[in-house]
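Reading through the C-alpha cells given below for one structure.
The values are calculated or read from the model by the stated rules, or taken from the named source; none is laboratory data. Keep in mind that this is a model prediction, so the values were computed, not measured. Virtual Cβ from ideal backbone geometry, glycine too; neighbours counted across all protein chains shown.
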Amino acid sequence: MNIGDYIEVLDDTIKGHVVRLTAGQVTMLTTEGFELNFRPEEVIVIDKETPFKSAFTNIDEESLRKDVVSKRKDKSVLTKKERNIPPMEVDLHIEQLVDSTKNMTNYDMLTLQLETARRRLEWAIEQRIQRVVFIHGVGEGVLRTELEFLLGRYPNVTFYDAEYAKYGVGATEVYIYQNAKR
C-alpha cells in the first residue's frame with residue numbers, strides 16, 4: 001500500500017485515497033473529504049475504475065435471468081371448463097382462524113396461518129380438488145411471501161394471483177395438477 005492508492009474499508013462503505021502511512025495506521029481522505037485512520041488490515045487497495053461487483057463475478061445478468069425458473073404462471077393456462085368450476089376458498093385472516101390473538105406473537109399467528117394453508121392444500125390434493133384460493137390479504141406481504149414459499153415446495157401445483165375483480169390483490173389461486181406423479 002502506498003500514498004495515493006485508492007482504498008476501501010472492508011467492513012464499511014467508506015472509500016478514499018491514502019494520504020499518510022505510519023506504523024500500524026493508514027490515514028485515508030474519504031470521497032466525502034474526511035480524514036479517517038484505520039489499521040492496515042481494515043482496508044484493501046482497489047482499482048478505482050473496476051466496479052466492485054465485477055471483482056467477484058463475470059456472469060452477466062441476462063444469463064442469470066435465464067437460469068431462474070419461477071413457478072408463478074400466467075392465469076391463461078386454465079381451460080374454459082376449468083375456469084367455470086368454482087375454486088375452494090381458504091381464508092387465512094387470523095381472526096377467521098382463532099377467537100382471540102391475545103397471547104399470540106406475530107410468529108405464532110404466521111405459523112398458524114401457514115399450517116392451516118398446508119393442511120387445507122394437502123386435503124385438496126387428497127380430495128382431487130383442482131383449484132384452491134388462499135385469501136391472505138394485502139398487509140405487508142409477509143404471509144403472501146411465506147405462502148408462495150410453501151406452495152413452491154409442491155411439484156404438482158402452480159400458483160398465480162386470484163381473480164382481481166373478486167379478491168383484489170389479497171389472494172393467491174393454486175392449480176393442482178391431478179395426474180402428477182408423487
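Summary table below
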read-out	value
Where a residue in segment 1-25 is at pLDDT 85 or above and part of a strand (DSSP E or B) and its partner, wherever it lies, is among the small types (Gly, Ala, Ser) and crowded, with 16+ Cβ neighbours inside 10 Å, with Cβ under 8 Å and at least six apart	TYR6/GLY16; ILE7/GLY16
Check on THR105, farther than 20 Å from PRO86 by Cα and hydroxyl-bearing (Ser, Thr, Tyr)	yes
Condition check for ILE59: modelled with pLDDT under 85 and in a loop (DSSP other than H, G, I, E, B)	yes
All positions within segment 159-179 that are surrounded by fewer than 19 Cβ atoms within 10 Å (Cβ to Cβ) and among the polar types (S, T, N, Q)	GLN178, ASN179
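Quick grid of which residues meet (1) outside any loop (DSSP other than H, G, I, E, B); (2) in contact with a Lys or Arg (Cβ under 6 Å, 6 or more places away or on another chain); (3) not hydroxyl-bearing (Ser, Thr, Tyr):
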| site | (1), (2), (3) |
| --- | --- |
| MET104 | no, no, yes |
| LEU112 | yes, no, yes |
| ALA117 | yes, no, yes |
| ILE125 | yes, no, yes |
| VAL132 | yes, no, yes |
| VAL138 | no, no, yes |
| THR158 | yes, yes, no |
